[in-house]
Amino acid sequence: MASRQARIKSSEIVAEGLYIASAATRLALKNAILVHILAEGQDFDADHFLDDARRALIALAEEAEADAERTNRERKAASGRYSDSGGTHDYRSRDVANLRRRRRQSLRIAKELRERADDEGELRKLIADAREAAWSEVAGNIDRTLRIEAARPDLEPDYERMRTARMQALRMVDLPRLRSQRRGAQRRVRAERASETDAVDVID
């Protein structure tokens, strides 16, 4: 019974570790998407972020493997020690089984993360989730700004009902238009600089 409880607990710990790793990857991808689209004025393309997602998962797998190696060293050092522990990480012989279990959990997390890094479908799912998170963040920021500066729900009874439509319009129309205008402005600036360079060449 005790061994089964330990196995169940280990599986839960592994699942939690994978959940945290996925959340960290989505956060990193969300930030990369926001920079790429809003700061750099580029269009969204899932293929552009495949390597970012893969690198993020592999980095987390390497962290889990490093943790497994550190735990293994602690297990070896703890073996044969029977005195009272001097602190949280001052392990003794009675901690060996738990340290061995922790090492296996870390290795399982690392193995799963590397498998996900090799699975393009999994990578695309992470990117799609990150994209939704990015759009939600942008829409939320704009919505809060509108509420503060201009929104008067008391004068617009259907405000809550229309909010979803506004956010969809923002995503489908306004943001692409903003990116297009930004690219047009950048092209005009480059053209003006080229004209100035040509004018200088003529004067010289």
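Can you pull out every residue in region 121-148 that is modelled with pLDDT under 85 and surrounded by 15 or more Cβ atoms within 10 Å (Cβ to Cβ)?
Passing the criteria: Val138, Ala139, Ile142, Asp143.
Can you tell me which residue among Asp118, Asp84, Asp90 is in the same structural domain as Ala24 (by TED's automatic domain parsing), surrounded by fewer than 13 Cβ atoms within 10 Å (Cβ to Cβ) and modelled with pLDDT under 80? Explain how you work it out, then say what you get.
On the way: Asp118 fails: modelled with pLDDT under 80; Asp90 fails: surrounded by fewer than 13 Cβ atoms within 10 Å (Cβ to Cβ).
When all the criteria are applied, what remains is Asp84.
Rundown of residues vs (1) touching a strand residue (DSSP E or B) at 6+ places or on another chain (Cβ under 7 Å); (2) loosely packed, with under 13 Cβ neighbours inside 10 Å; (3) more than 23 Å from Leu18 (Cα to Cα), yes/no style:
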site	(1), (2), (3)
His36	no, no, yes
Gly41	no, no, yes
Asp47	no, yes, yes
Asp52	no, no, no
Leu60	no, no, no
Ala64	no, no, no
Glu74	no, no, yes
Gly80	no, yes, yes
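For Ala66, are the conditions met, namely being at pLDDT 80 or above, at negative phi and not β-branched (Val, Ile, Thr)? Working first, answer last.
On the way: at pLDDT 80 or above: yes; at negative phi: yes; not β-branched (Val, Ile, Thr): yes.
Yes.
May I ask you to list the residues in region 26-81 that are of a type outside the set (Gly, Ala, Ser) and not in a helix (DSSP H, G or I)? Steps first, please.
Initially, region 26-81 is screened for residues of a type outside the set (Gly, Ala, Ser), giving 26-27, 29-31, 33-38, 40, 42-45, 47-52, 54-55, 57-58, 60, 62-63, 65, 67, 69-76, 81.
Within region 26-81, Glu40, Gln42, Asp43, Phe44, Asp45, Arg81 qualify.
The values are calculated or read from the model by the stated rules, or taken from the named source; none is laboratory data. Because the structure is a prediction, the values reported are computed rather than measured. FYI the Cβ positions are ideal-geometry reconstructions off the backbone, even for glycines, and counts take in every protein chain you see.
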